[in-house]
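Working notes, beginning with the structure itself.
The values are calculated or read from the model by the stated rules, or taken from the named source; none is laboratory data. Note that the structure is a prediction, hence the values are computed from the model and not measured. Note: ideal-geometry Cβ built from the backbone for every residue, glycine included; neighbour counts use all protein chains shown. Surface accessibility is based on the protein's heavy atoms, side chains included, excluding ligands, DNA and RNA. Shrake-Rupley method; radii C 1.70, N 1.55, O 1.52, S 1.80 Å.
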Amino acid sequence: QVTLSPKDLGAHTHITRRMLQQTSLDLEALVRDDLVQAMALSIDLAGLEGTGANGQPTGILGTTGVNQVTNFAAANPTFAEVVSLETAVDVDNALAGNLAYILRADMKGALKTTEKAANTGQFVYNGNEMNGYRSIVSNQGTAGNLYFGNFNDLLIGMWGGMDLTVDPYSNSKSGTLRVVAIQTVDVAVRHAQSFAFGNDGA
């Protein structure tokens with residue numbers, strides 16, 4: 001019953017005439033990699049916090065039925081608050097699959113120096129894990145947001161491959177090429193109860 005609908009994601013860059021004169025064939029690979037990375041970051045953002053409006057997919061944050069835990073007492077969660085996301089998913093009998101936390105780099109930095117309990121020498125974030133689960137750092141999320149869930153249930157659909165267009169005309173007066181990449185894509189949460197998120201309420 002989950003439906004995906006085509007949405008076009010685009011990125012572009014410019015290559016100057018001088019750059020074309022002074023570089024090797026590796027320039028094409030460099031430009032492709034830059035465009036692919038920019039588009040991957042946009043899909044990452046859509047999967048987490050896409051609004052569902054103005055042509056955006058609906059991400060985890062905006063999906064009805066996703067578990068929201070009690071707001072964290074401070075800007076960064078305690079160990080008990082981190083565990084509360086796992087508990088919310090477990091209560092819904094959805095604790096299975098590709099389970100992971102997703103957090104921003106600033107939260108990661110804070111949790112690497114936050115003890116699980118006083119004077120234990122055990123920290124909330126340790127060795128790319130939290131609470132025994134893999135932890136993925138993504139700065140695409142809003143500051144203060146923490147996500148947990150089975151990411152097998154976050155579907156990303158793509159129609160065809162990435163289309164590349166080289167436009168030598170728009171900036172022809174300066175001899176600059178514009179390279180445009182377009183990918184048709186959508187994101188959908190297959191099972192809302194497989195996910196939980198929390199934040200500081202700010």
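Taking a 1.4 Å probe, which of 112, 7 shows the most accessible area, and what order do the others take after it?
If we order 112, 7 from most to least accessible, we get 112, 7.
How far is helix 26-49 tilted off the main Cα axis of the chain, in degrees rounded to 10, range 0 to 90?
Orientation of helix 26-49: about 40 degrees from the principal axis.
Can you tell me the orientation of helix 79-91 relative to the chain, as the angle in degrees between its alpha-carbon axis and the longest Cα principal axis, to the nearest 10?
Computed tilt is about 90 degrees.
Which distance in Å, rounded to a whole number, links the C-alpha centroids of the stretch 43-68 and the stretch 96-169?
Result: 15 Å between the Cα centres.
So if I place +1 on the C-beta of Lys and Arg and -1 on the C-beta of Asp and Glu, and nothing else carries charge, what would the dipole magnitude of the chain be about its Cα centre? I want it in debye, nearest 20.
500 debye
Hey, if you drop one equal point scatterer on each alpha-carbon of the stretch 106-190 and run the Debye formula without solvent, what base-10 log of I(q)/I(0) do you get at q = 0.25 Å⁻¹?
-1.20
Run the reach check for residue 116 against lysines, Cα to Cα strictly under 19 Å, same-chain hits fewer than 8 apart removed. What comes back?
Once the sequence-local lysines are set aside, what remains near residue 116 is 108.
Which percent of the Cα-Cα distances in the chain go past 22 Å?
Every Cα pair in the chain considered, those over 22 Å come to 56 percent.
Tabulate in residue order the Karplus-calculated ³J(HN,Hα) for the stretch 113-123, using 6.51 cos²θ - 1.76 cosθ + 1.60 with θ = phi - 60°, rounded to whole Hz; enter x for Gly and Pro.
10, 9, 6, 4, 8, 4, 6, 9, x, 10, 9
For the chain, what does -39500 (n - 2.57) per DSSP helix run (n ≥ 4), summed and divided by total residues, give at 222 nm, in deg cm²/dmol to the nearest 500?
-8000 deg cm²/dmol
Rank 19, 160, 93 by how far each Cα sits towards the positive end of the charge dipole of the chain (+1 on Lys, Arg Cβ; -1 on Asp, Glu Cβ) and give me just the farthest.
After comparing all options, I get 19.
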